[in-house]
Structure formats: C-alpha cells, structure tokens
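In what follows, a structure is listed as structure tokens, so that the remarks can point back to it.
Taken together, the values in this text are just the output of simple stated rules run on the coordinates, not laboratory data. Keep in mind that what you see is a predicted model, and the values were worked out from it rather than measured. Here the Cβ positions follow ideal geometry from the backbone for every residue, glycine too, while neighbour counts run over all protein chains shown.
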C-alpha cells in the first residue's frame, strides 16, 4: 500500500513538474522550416533509421552485437544526422548554438519531472508481463555491472543514444513535421508534430514500455519546442537514461 501511495503522489506531481519546466526554460521556439527543407529533414530521418536497422541486423547476424557495436552505431549515425542537418551552413534541426546553460536547463528540467516519470516507470514495471519483457535489455545491462561491456553500454545509453535519438526524433522528425504541417495551414502544427513524433518514437520501442516511453517522449518534445535548442532535450534525455540505469541497478542489488 505504501508503494501505491508513493506512485500515486509521484504521478500527481507530473503536471506541476511540467508547469515548473515551462517557467524555468525561456520560451525560444523556432519558426517552422520551409517545405523543401522539411521534406529534407524527413528524408534524413528515414535514411538514418534505415542505416541503424542495417547495422543492427548485420551485427546480430554475425554475432557482433555488443556494447562496442551499439556505441559505434549510435555515434556513427548521429554524426551522419549532424552532417545532414548542417549541410550548406543550415541549422534546420536546431542543433546550434550550443551553450552550457542550455545543457544545464535540460538536466534541471528533467529533475522537475523525475518523481512523476520514476513513478510511471515503476508502475509499468509492476503492471503485467509487458514491463518485464520491455526491460530485458536494461536488466541484462544491470546484471553485467562492473564489466567492460557495462561501461561501454552505459556511455552509449547516457551520451550516444540521447544524441542520436534526439537528432533523429526531435531534430529531424519533429522539425520536419512542423514544416509540413505549417505549410498545410494547420494552426497547432507544433503540438501536432510533438504528438506524432512521440507516437513514432514510442512505436520503435518494445510494447511493454510504450506508456512510459510515450510520456518521456512528449516531455522531451515539449522541452525541445520550448527551448528551441536540441542540446536541452539531449541533456534531459541523457539524464533520464542515467536515472533509469541507477534506479534499476539499485533495485537489482536490493532484490
């Protein structure tokens, strides 16, 4: 009963955390990109997704899917996205400028919603078989604590993966959707882009994690929109992944 009460309190704090985030992060939303650039961003999204799929399939086929491969794949495809975004001196994905204050805002913004997201994560883990199945990879990581592969995977999950996923989803898909929807005269194009991009991002994860992933993705989409800086959502994303790893490691040790 005590755990249920703590989960309920944590979930109830969610709206307060989002409100505090909106007050904390200065509103600097960027204008939607032009239609041709929007389609270019969407093309980059699908191409990067294809590249990551090919690398994952090939590495599993040859038995080389380990922490080093995961790290290299995410760094490589993230570099491709950054290069695609900056082609011709453009900044369509809102990657620059990079200021330390933007990174700090991302960390603090996540801290404001941490109780709610942790409560949701805990509830999903306890609700049905999906939670355990969805957290299989995370469980394998925690059980390998102290090994070389653990540290490589930890670096990938807290640094490389957030950079890759934020560039892919918030920088390319969300920004591309903003441009396409704005060109179509849709008034709430920014919010629609956040929801659609989050739905796509959630669908790329195991079904057992969909509820918690959707909540995190909507928050990250809001942070990227509010701040106008992809580095802020990258920092929030990395902080979230680190928090989940530490929480699961603690839970595993006290099981």
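Per residue of the chain, the DSSP helices (runs of n ≥ 4 H) give a summed -39500 (n - 2.57) that works out to -24000 deg cm²/dmol at 222 nm.
Placing dummy labels 7 Å off each Cα toward the beta-carbon, the span from residue 43 to residue 31 is 2.3 nm.
Annotation: for a label point projected 7 angstrom from Cα along Cα→Cβ of residue 111, no residues of the stretch 197-219 have a backbone N closer than 11 Å. Ordered by the count of other Cβ atoms within 10 Å of each Cβ, fewest first, 87, 110 give 87, 110. Across 161, 98, 77, mean-square fluctuation computed from a Gaussian network of the chain (C-alpha pairs under 10 Å connected) peaks at 98.
Highest GNM mean-square fluctuation, the chain, Cα pairs closer than 10 Å: which of 76, 86, 146? Highest fluctuation of the listed residues: 146. Full extension of the chain between residue 79 and residue 195 yields a length gain of 39.2 nm, computed as 0.36 nm times the residue separation minus the alpha carbon distance. Cα centroids of the stretch 213-255 and the stretch 1-24: 15 Å apart.
For the pair residue 183 and residue 143 in one chain, pulling the backbone fully straight at 0.36 nm per residue adds 9.5 nm over the alpha carbon distance.
Based on Cα contacts under 8 Å between residues 6+ apart, the chain shows a relative contact order of 35 percent.
The GNM of the chain, with springs linking C-alpha atoms under 10 angstrom apart, assigns the highest mean-square fluctuation among 178, 166, 31 to 31.
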